[in-house]
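The values are calculated or read from the model by the stated rules, or taken from the named source; none is laboratory data. No experiment lies behind these values; they were computed from the predicted model shown. Positions of Cβ are generated from backbone atoms using ideal geometry, with glycine treated the same way; all protein chains shown enter the neighbour counts. Ligands, DNA and RNA are excluded from the accessible area calculation, which covers all protein heavy atoms including side chains. Shrake-Rupley method; radii C 1.70, N 1.55, O 1.52, S 1.80 Å.
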Amino acid sequence: MSIRHILYRKGNNVITVASDAFVREAAEELVRNKIGAVVVTQDGHEVAGILSERDVVRTIVEYGEGILDAKVHKIMTVNVESCRMDDTADWVLEHMTKRRIRHLPVVEDGRLAGMISIGDVVKFSLDNLNKEARAMREYIAS
């Protein structure tokens, strides 16, 4: 089961912001879209960074709410971990758990192809386990 399958089910729409957007604008996007992270990109294709709720909260506590008027590039994570369409859900789940990452951009041929959250991977994995259990019960019953 690959990330491609998860994106096929959930869709590949990614909320992005530019690095020169204000942190306040990025935070508003998080709230408006009920998401935990946005990809930072200048062209909509190449990942320049990622900004999560954690980043925003951490910097507000560290620097005060004035940081909301700073540019996103000041607080975004630059060394972004990502995955590929053909990566397995199991590998991504293990990687996200080990690295304590909740959101991974999906990059294919250097271009942003989607966004996966740990919740997406867990839901997909549970759905598949339930299908397998149902199939086993039906097999045993027949």
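What the table below lists for this structure:
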read-out	value
Residue in region 76-99 that is touching a residue at least 40 places away in the same chain (Cβ under 8 Å) and either among the basic types (Lys, Arg) or touching a Cys at 6+ places or on another chain (Cβ under 9 Å) (or both) present	yes
Residue satisfying all of: in region 104-120; surrounded by fewer than 20 Cβ atoms within 10 Å (Cβ to Cβ) and in a helix (DSSP H, G or I); nearest to the chain's Cα centre (by Cα) among these	118
Among (1) within 18 Å of residue 47 (Cα to Cα); (2) loosely packed, with under 15 Cβ neighbours inside 10 Å, the one test that residue 140 misses	(1)
Count of residues meeting criterion [among the hydrophobic types (A, V, I, L, M, F, W, C), over 15 Å from residue 1 (Cβ atoms) and open to solvent by 90 Å² or more (accessible area, probe 1.4 Å)] in region 122-137	1
